[in-house]
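These notes are about the structure you will find just below.
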Amino acid sequence: MTAPMLEIRNLRTEFATDAGRVTVIDEVSFTLNRGQVLGLVGESGSGKSVTGFSIMGLIDPPGQVSGGQILFKGEDLRTLPEPRMRALRGNRIAMIFQDPAMTLNPVLRIDTQMIETILAHEKVSKTVARDRARDALGMVGIPSPEERLRAYPHQFSGGMRQRVAIAIALLHRPDLIIADEPTTALDVTIQAQILAVVQRLARDHGTGLIWITHDLSVIAGLADRVAVMYAGRIVEHGDVDTVIRTPRHPYTHGLIGSLPSRNPRGQHLKQITGTTPAIAALPQGCAFRPRCARATEACLAAPPVTQTEGRLLRCFHPVTEGEAA
Amino acid sequence: MTPRIEITHVSKRFSRKSELVERLAERAGLKAPKPVVHALDDVSLTVGSGEVVGIVGESGCGKSTLGRIVAGILDASAGEIRYKGQTLAEMPDRQAAQARLDVQMIFQDPSSSLNPRHRVDEIVGAAALRHGKTTRAGLADYVAEQMRRAGLDPAMSRRFPHQFSGGQRQRIGIARALAVQPDMLICDESVASLDVSIQAQILNLFMDLRRDLNLTYMFISHDLSVVEHISDRVVVMYLGRIVEEAPVAELFAHPAHPYTRALLQEIPQLDTKRRHYAPIKGEIPSPLAPPSGCHFHPRCPLAMPRCALERPELRQIGPAHRSACHLND
């Protein structure tokens, strides 16, 4: 069977506000295979987190997934009744949040929380569940896991708490993990440790990973493919090396060009002018148009989606190879 | 030439206040040791006039405490700081007040460092008016000038902070600092909470201001690539101590301290496709109970028995290059 593990088709999520319905993400499509890592990159308000929450079925009113398909192993998650979705969530599909405090209950010991998670989906004895929990802690690199099981979340450091959150996500060996900025709040040396863990996971267990972040450098070392989001749409999507080496969408191009490591030391950084537009008042046509140096009259219409050599692009005037950064 | 800032043997210890029982016990001659955090442990550093010194390190390394002490927000527990050759205590009151005003701080989170109930013109103008940098009659023009310099449209001066985006709010913080005409800025993670495309804009602003106003900077950040870009000299800290210090090109080309090397290796790079992370082991220890000898020894791949016993001196190992490691011997 060659069908991808996850296929997203034209996903759209809207929020009802006082000013009417606001489309937060639209026309989001991508696929993910077993063991593959997809980097979902964008700035604040680009819709990257909403995409993750939409797949998990965690969009609550006033928000609503209002269009498209989320095919997980061929089944559309949007049409699943809530009890079936609940059986999948935390079991076959897991999520890791930026703030592990969102996953962990501060007044329960780690073992209580982990055993509860296992028993929610499987009928096993408490002893078996406890052993599984201990092994999961060991797998994410927590020293002396047997003793640490009896600790409370506040007894762990930030990096350790995030490891516990990852261990909980791993308990059922999910097929898919959606990680929303899981290392953003961590120190560099701790981030590297966490990245090593998830990398091994994808490689050894075939777990598919969606890694949501604003940090392109993290994606460069971790992901196989990258999707760059701007104002709720994927503007460029392709193989991670190709996109980073030769970005073709003016936004990706500008973003990479503005990184300090891409500019001579002490010189002015190349910058994208202006700020991200409010999602409720997007410019007509291409949302990046007011900030784009290449924009023309044509950009007042919605830009076409082109697909060349495995790269998806949403732009009238893509940067050509010759002028690459 | 007299350095702009000269920090010698500065330490900062934080401890909690004694509780009643403890005070009584102390009075009775029974002394229980209280937990003390050594946020800064014998730090010496100079910042030249017009220089940009980057301070890098992970959580708990003392970089923010150092910035706050230099800005005069915190007092040092030991050691002294000379501002253009003099300590604040040596100066007459007026001069000391001016010396404090000359060093301004830009904070990480503009939404918590701006009063949400004040309009931008009040935020930017209040201190300038109080310190006589402008008159009440000239205030509006003065505020407009500060806003323009920080890249804000003066027409927005009657708005509240929440009506601005994150990058613009950071610009308000910059305009406020510039309004009292400092010659030195201490930037504590000032671009850390901004989006990448906005971060570049603010870094460019800092570089323009340096050129136009001949500012001196202490640039505190955990982000090595930002520090590399903007600094002349870089200081690396770990658990309250300076472990290495060198001109920027030298530090990134020839890092000497094992911690600096580890740090440089761990930063994800855009261009080197690294499929395998080989992270340094272990957690950052608690500053309440730092390891003996060299603070880095439990995590150091090159540690020797001596490292657990003896604190390595910060010593000269090349022109303007200092490192604190026993391997330098």
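The values are calculated or read from the model by the stated rules, or taken from the named source; none is laboratory data. Keep in mind it's a predicted model, so treat the numbers as computed, not measured. Because the Cβ atoms are built from the backbone with ideal geometry, glycine has one as well, and the counts that use them run over all protein chains shown.
Selection of first residues in region B:98-122 that are touching a residue at least 24 places away in the same chain (Cβ under 8 Å) and of second residues that are acidic (Asp, Glu) and in a loop (DSSP other than H, G, I, E, B), restricted to Cβ pairs under 9 Å at least 6 apart or on distinct chains, gives the following pairs, ordered by first then second residue: B:ASP102/B:ASP183; B:VAL103/B:ASP183; B:PHE107/B:GLU189; B:GLN108/B:GLU189; B:ASP109/B:GLU189. A:ILE210 meets the conditions (1) surrounded by fewer than 22 Cβ atoms within 10 Å (Cβ to Cβ); (2) outside any loop (DSSP other than H, G, I, E, B); (3) in contact (Cβ under 8 Å) with a residue 24 or more places away in the chain; (4) more than 8 Å from every other protein chain (Cβ to nearest Cβ) in every case but one. The failed one is (1). Taking first residues from region B:56-78 that are touching a residue at least 40 places away in the same chain (Cβ under 8 Å) and partners that are buried (at least 19 other Cβ atoms within 10 Å of the Cβ) and of a type in the set (Asp, Glu), the Cβ contacts under 7 Å between residues at least 6 apart in sequence or on separate chains come to B:GLU58/A:ASP187; B:SER59/A:ASP187; B:SER64/B:ASP188; B:GLY67/B:ASP188. Close Cβ contacts (under 6 Å, 6 or more residues apart or on different chains) running from residues in region B:126-138 that are within 13 Å of B:ARG176 (Cα to Cα) to residues that are of a type in the set (Gly, Ala, Ser) and part of a loop (DSSP other than H, G, I, E, B) comprise B:ALA128/B:ALA179. Scanning region A:169-187 for residues that are surrounded by 22 or more Cβ atoms within 10 Å (Cβ to Cβ), more than 18 Å from the chain's Cα centre (by Cα) and away from chain B (no Cβ under 13 Å) returns a single hit, A:LEU171. All of A:ILE190, A:ILE142 fail the test of being among the aliphatic types (A, V, I, L, M), crowded, with 23+ Cβ neighbours inside 10 Å, outside any strand (DSSP E or B) and within 14 Å of another protein chain (Cβ to nearest Cβ), apart from A:ILE190.
The set of residues from region B:19-44 being within 25 Å of B:PRO285 (Cα to Cα) and surrounded by fewer than 17 Cβ atoms within 10 Å (Cβ to Cβ) comprises B:ALA32, B:PRO33, B:LYS34, B:PRO35, B:VAL36, B:ASP42, B:SER44.
Okay, residues lined up against (1) over 17 Å from A:ILE210 (Cβ atoms); (2) not in a loop (DSSP other than H, G, I, E, B):
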residue	(1), (2)
A:ARG9	no, yes
A:THR13	no, yes
A:GLU27	yes, yes
A:THR31	no, yes
A:GLY39	no, yes
A:PRO61	yes, no
A:GLY68	no, yes
A:ARG84	yes, yes
A:PRO106	yes, no
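Where strands (runs of 3 or more DSSP E) fall entirely within region B:1-90, those with at least 3 residues that are over 18 Å from B:TYR217 (Cβ atoms) and among the aliphatic types (A, V, I, L, M) are at B:36-47. Taken over region A:10-32, residues that are touching a Gly at 6+ places or on another chain (Cβ under 9 Å) and either at pLDDT 95 or above or surrounded by 17 or more Cβ atoms within 10 Å (Cβ to Cβ) (or both) amount to 14. Do we have A:GLY266 as assigned to a loop (DSSP other than H, G, I, E, B) and either within 11 Å of chain B (Cβ to nearest Cβ) or under 28 Å from B:SER221 (Cα atoms) (or both) here? Criteria met by A:GLY266. Checking each residue in region B:209-232 for being surrounded by 21 or more Cβ atoms within 10 Å (Cβ to Cβ) and of a type in the set (D, E, K, R) picks out only B:GLU228.
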